[in-house]
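Just so it is clear, none of the values below were taken in a lab; they were calculated from the coordinates. Only a predicted model underlies this, so the values are computations on that prediction, with no experimental measurement involved. Ideal geometry is used to build each Cβ from the backbone, glycine not excepted, and the neighbour counts take in all protein chains shown.
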Amino acid sequence: MKALKPDTIVPGAGHFDRVVCSPSVLDGFGWIFRRPYKIDRADLFVDGTHCANCEPMNRPDVAETCRWAPESRPFGFRFQISSPALRETWCHRIDVIGYAAQRPVARVSTFCPSLHNDHLPLPPPALAERVSGVAGEHFRLQGLKMFTDLIDVLRRYAVPLRGRLLDWGCGCARVLRWFFIRDEFVVLNTKHSSAGNDLPVGCDVDPEALEWCRSNLNGCFALVPFDPPTSLPSGAYDLVIACSVLTHLDRFRQQNWLEEVHRWLAPGGYFIASTNAEFAFRSKHPHLKPNGVWKFIEQWAAAFCRPRIVKTILDDMPDPSIRWFVPEQEYRMVFQSRTFTEQLCARFFDVVGYVECGLDGFQDVIVCRKSKV
Ligand SMILES: C[S@@+](CC[C@H](N)C(=O)[O-])C[C@H]1O[C@@H](n2cnc3c(N)ncnc32)[C@H](O)[C@@H]1O
């Protein structure tokens, strides 16, 4: 039988609620989902090698979140392995593969550095909750999974892991902190200078989050206005990431900001952004059902269509989460379809990839490149 390579399986929706790697024991639990499959078992892979069958775990909370897709089934899992070999590497890669009728159909993945290798502090709960709704270990784990997902996207689309990085809307560095943990994790520059000045590695509209980043991470951070332009230099970056930032901007702001990001990038540079798309919309609104012909298509031909409801963009829901800096009428909770995002980005960039549920097993990810000329 051919050995399964976990990273060739598409990412599913899902989450790790716990992953702990003590010197010789690895244990954790979580869940995995991919429409339209009924996932009935999951396997644990560590550093690409099959290690154990996961135990099933009853997850009524997840069943509720996914009840909008009755033709599918999420799978709750737990694992615990002990092996002296776990001591040998400072960071492991964990992949849990979900199977439907013996076929591998989805993956959730995370790096897992042992705790003593994570030397950076975590932000205070108020700052962490402002960007994620969680704090402490949950915040740490969430950022680590997002970082893993991001690295997977970079590798999948052959985005060079070298160059000058900007995390636009970095908040209190839920994702960005992992770029600072250890050089061999990834070689993107987190400290760079342009014409003798420090070039920011992160920017945001939230001065408190930036203050925390400046005091705790060894990089330069810039306060930017809620609307462009900014004072960041043109053509200075090779990679701009935006994790859950477009998810707060209405369609006009998204367009203006894409133009600004395009200006920041060097020719051939990449922009990678996450959006709330169909999975995010449907799991936040499990009671909503499609109308008319789509009701029947979803029921009888689930394998051939994506769940619809957001046809273009829903961008009028106020979001109070940073009301101290941006009025909630301006800051939004935004959901948008894949087609809308691809068409909007294509006005400024070459769209080179799109991964459904590609960030944190929840948001979609678009990969864009600025043309070389
Ligand atoms: C959901 S949080 C995500 C933060 C961070 N990217 C992460 O994944 O933890 C959204 C962040 O975007 C920032 N933000 C929103 N609009 C922005 C804008 N126009 N320019 C820069 N940052 C913005 C917010 O202040 C907040 O920190």
(message) Take Ser321 and Gln343, extend 7 Å from each Cα along the Cα→Cβ direction, and tell me the distance between the two endpoints in nm.
(response) 2.7
(message) Using the Cα centre of segment 1-70 as the reference point, and only Cβ charges (+1 on K/R, -1 on D/E), how large is the resulting charge dipole? Debye, rounded to the nearest 20.
(response) 340
(request) Quick one: dipole size for segment 83-167, taken about the Cα centre, charges +1 on Lys/Arg Cβ and -1 on Asp/Glu Cβ, in debye to the nearest 20. (result) 320
(request) Rank Gly76, Leu210, Cys112 by how far each Cα sits towards the positive end of the charge dipole of the chain (+1 on Lys, Arg Cβ; -1 on Asp, Glu Cβ) and give me just the farthest. (result) Gly76
(request) Work out the charge dipole of segment 226-284 with +1 on the Cβ of Lys and Arg and -1 on the Cβ of Asp and Glu about the Cα centre, then indicate which of Ala273, Val261, Gly235 is farthest towards its positive end. (result) Ala273
(request) For each pair in Lys5/Lys284; Lys145/Lys370; Lys38/Lys311, compute the distance between the two Cα atoms and list the pairs where it is over 30 Å. (result) Lys5/Lys284
(message) Can you compute the FRET efficiency between Ser22 and Val134 using 1/(1 + (r/R0)^6), with r the Cβ-Cβ distance and R0 = 22 Å? Round to the nearest 0.05.
(response) 0.50
(request) Go ahead and run the numbers for FRET between Asn216 and Thr89, Cβ-Cβ distance against an R0 of 22 Å, rounding to 0.05. (result) 0.25
(request) Would you kindly compute the Cα radius of gyration of the chain and its largest Cα-Cα separation (Dmax), both in Å? (result) 20.3, 62
(request) Would you mind checking which residues have amide H under 5 Å from Cys54's amide H? H placed 1.01 Å from N; only 5 or more apart, or other chain. (result) Ala42, Asp43, Leu44
(message) Just want to confirm a number: the relative contact order over the chain, from Cα pairs under 8 angstrom separated by 6+ residues, in percent.
(response) 15
(request) Work out the length of the dipole vector of the chain about its Cα centre, built from +1 on the beta-carbon of each Lys and Arg and -1 on the beta-carbon of each Asp and Glu, and round it to the nearest 20 debye. (result) 1060
